[in-house]
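The values are calculated or read from the model by the stated rules, or taken from the named source; none is laboratory data. Nothing here was measured: the structure is a model prediction, and the numbers come from that model. Because the Cβ atoms are built from the backbone with ideal geometry, glycine has one as well, and the counts that use them run over all protein chains shown.
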């Protein structure tokens, strides 16, 4: 029935679990032993109880591995009917979304969507779409994920169905998370209010788990708004609930809280900031291949290193982050399309249902085009192919692209950084024009990396001069991002014993912004270069 789950896969996981037996916590061992006591003929009666018992170990060291294996055994037993299998598969998708192999998780999610469509279950199809959006978010596709989530959020057809309402709550939650990442706090607050409107329809334990995340997210919003008292109050409420919380409906709540608590310390109580906690949570995000928390954690810790002027650690962490992004984008997801198409073709052969394949393909690729986060892989490729707007040497936008961008943002609030390479003529004269080209290429690379998964866009506007447009960022954040760019360039290593620096001006003036930035750049040159002047 479910092509993704195999006996071989389970046997391999069982071997791993047996090897880890001596490392199990009491709670892990108890859940596993209780499951083993249930006879297969009773799986259909007790599958919900088994799923619920699994929740007790999700935060334990081997909890995800044990829980995943139990759910796979349920499915493979063939003792459950279609509806029961769908219920278990849904929980397995949720588990796999936190696992190391995100490709496997996506494959289970696709299987779930296919199965939901076969059963013509609108509720389960919506749940599958939320799962898909969750994976897209993990890969950095926040805008694309939101397109799927908003479709579900706007549905009013099933308002009296509490199960469907719970799905809407999950969609709202992901929308809040994505909008915070996109620095759209007003939209994030809107959906927090929507969540609170439905809270009383959920059971007490679910409400508590949800409240932990809501208060953590509110804390993050208030930190961004520099409202320290409100931020602290929200985080203290989250901590109080977290300390007494039992079952884990949302696996990431503790990691999320710890990251935002340290974000608060970074902004308002630097002496309490814990580098150790941040490194631990970054490791957890890396283990789960979670781009959202990895980006958030690395960003907070890099800002901390900048504040304490530890440029060595800043550079090391930045390199680690870039390598991890490359690993996520290049290593796993270049084979993702093949895996998905292969899985769907197999389902097509078994079910002989061409319409099903067509609908699944439309679902996957009809939202924002290649929306499974594959857009992340092909982002730079698409830019390069669009050669009319790309600078051939640096691969960032050219002057034509910059002019088009300025037309699009003229009625929006944005910031602009204008900078050039210090002493560029001297570098050319000393080391040759090929080295000058190498400098410009690497500056372009820094801008491309800075724009990955963000609304930051870089352009080469002439010679050694570059412009960066910051949308959906507060001015203070745009200044910080500009400083990051300056430091990254300063820390670049060259084949000659030299250091390359930049000087720039950043402004948010609505009128004459280019001229304003140019004046600030000129001021920076007069003040000694290698600096960003804002005004």
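One table, with the values for the structure above:
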item: Any hit, the stretch 290-297, residues being touching a helix residue (DSSP H, G or I) at 6+ places or on another chain (Cβ under 6 Å), closer than 25 Å to residue 168 by Cα and not in a helix (DSSP H, G or I); result: yes
item: Residue count for the stretch 144-157, restricted to those that are assigned to a helix (DSSP H, G or I) and either surrounded by fewer than 16 Cβ atoms within 10 Å (Cβ to Cβ) or modelled with pLDDT under 80 (or both); result: 4
item: Subset of the stretch 108-143 that is under 20 Å from residue 179 (Cβ atoms) and outside any helix (DSSP H, G or I) - its residue that is farthest from the chain's Cα centre (by Cα); result: 141
item: Some residue of the stretch 209-226 being more than 16 Å from residue 256 (Cα to Cα) and out of contact with any helix residue (DSSP H, G or I) (no Cβ under 6 Å at 6 or more places or on another chain); result: yes
item: Of all residues making up the stretch 427-478, the number that are within 30 Å of residue 188 (Cβ to Cβ) and free of Cβ contacts under 8 Å to residues at least 60 places away in the same chain; result: 9
item: The stretch 255-273: number of residues that are farther than 17 Å from residue 229 by Cβ, surrounded by fewer than 18 Cβ atoms within 10 Å (Cβ to Cβ) and touching a helix residue (DSSP H, G or I) at 6+ places or on another chain (Cβ under 7 Å); result: 1
item: Identity of the residue in the stretch 158-183, in contact (Cβ under 8 Å) with a residue 24 or more places away in the chain and assigned to a loop (DSSP other than H, G, I, E, B), that ends up surrounded by the most Cβ atoms within 10 Å (Cβ to Cβ); result: 182
item: Residues (out of contact with any helix residue (DSSP H, G or I) (no Cβ under 6 Å at 6 or more places or on another chain) and modelled with pLDDT under 90) located in the stretch 174-194; result: 177, 183, 184, 186
item: Residue within the stretch 399-414 that is modelled with pLDDT of 80 or more, crowded, with 16+ Cβ neighbours inside 10 Å and in contact with a helix residue (DSSP H, G or I) (Cβ under 7 Å, 6 or more places away or on another chain) present; result: yes
item: Residue list for the stretch 195-234, restricted to those being modelled with pLDDT under 90 and farther than 18 Å from residue 253 by Cβ; result: 197, 198, 200, 201, 224, 225, 226
item: The stretch 500-516, subset free of Cβ contacts under 8 Å to residues at least 24 places away in the same chain and touching a strand residue (DSSP E or B) at 6+ places or on another chain (Cβ under 9 Å), residue nearest to residue 418 (Cα to Cα); result: 516
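One line per residue, one yes/no per condition, for (1) exposed (fewer than 12 other Cβ atoms within 10 Å of the Cβ); (2) more than 24 Å from residue 93 (Cβ to Cβ); (3) modelled with pLDDT of 75 or more:
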{"site": "11", "(1), (2), (3)": "yes, no, no"}
{"site": "17", "(1), (2), (3)": "no, no, no"}
{"site": "21", "(1), (2), (3)": "yes, yes, no"}
{"site": "32", "(1), (2), (3)": "no, no, yes"}
{"site": "37", "(1), (2), (3)": "yes, yes, yes"}
{"site": "58", "(1), (2), (3)": "no, no, no"}
